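Engineer: This is the structure I want to talk about, given as structure tokens.
The values are calculated or read from the model by the stated rules, or taken from the named source; none is laboratory data. Because the structure is predicted, anything quoted here is derived from the model rather than measured. Here Cβ is always computed from backbone atoms with ideal geometry, including for glycine, and neighbour counts include all displayed protein chains.
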Amino acid sequence: MLTVKDDSVASFRFLYYLMKTISYLPGDHTRQWIEKYSKFKIPLPPLEVQQEIVRILDRFDTLVNDIAQGLPAEIAARHKQYEYYRDKLLTFREKSA
């Protein structure tokens, strides 16, 4: 079993995100970390990949939860979507004779 004591093998932020994805509901009153949770096997990609995943998830979290950044990004995305569909609706094929 891998025990992470520093950030040379695993990014703690990566482990944080990964642990949030584990679906586990305790069924009894045992010591969950020692008895169950610590025995879960988790994928551990290379450190560079972990850091890239963390960068993407942090950015996504900021866009979703920080209204100052997320709202302008959402408005810009909806504006692009509006322009795309407007152009599709207003583009007519030439009528052949």
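Engineer: Going through segment 45-63 one residue at a time, which ones are within 16 Å of Lys20 (Cβ to Cβ) and either in contact with a Pro (Cβ under 9 Å, 6 or more places away or on another chain) or hydrophobic (A, V, I, L, M, F, W, C) (or both)?
Structural biologist: Ile53, Val54, Ile56, Leu57, Phe60
Engineer: Can you give me the number of residues within segment 48-79 that are free of Cβ contacts under 8 Å to residues at least 40 places away in the same chain and touching a helix residue (DSSP H, G or I) at 6+ places or on another chain (Cβ under 7 Å)?
Structural biologist: Final tally of qualifying residues: 7.
Engineer: Return the residues of segment 53-93 that are aromatic (Phe, Trp, Tyr), in a helix (DSSP H, G or I) and exposed (fewer than 11 other Cβ atoms within 10 Å of the Cβ); say none if nothing qualifies.
Structural biologist: Tyr82, Tyr84, Tyr85
Engineer: Further question: Quick check on Lys88: is it basic (Lys, Arg), modelled with pLDDT of 90 or more, farther than 30 Å from Ala10 by Cβ and more than 13 Å from the chain's Cα centre (by Cα)?
Structural biologist: Considered against the rule, which asks whether it is basic (Lys, Arg), modelled with pLDDT of 90 or more, farther than 30 Å from Ala10 by Cβ and more than 13 Å from the chain's Cα centre (by Cα), Lys88 comes out as no.
Engineer: Conditions: (1) among the small types (Gly, Ala, Ser); (2) under 17 Å from the mean Cα position of the chain (by Cα); (3) surrounded by 10 or more Cβ atoms within 10 Å (Cβ to Cβ). Ser38 meets all but one. Number of the miss?
Structural biologist: Against the list (1) among the small types (Gly, Ala, Ser); (2) under 17 Å from the mean Cα position of the chain (by Cα); (3) surrounded by 10 or more Cβ atoms within 10 Å (Cβ to Cβ), Ser38 comes up short only on (2).
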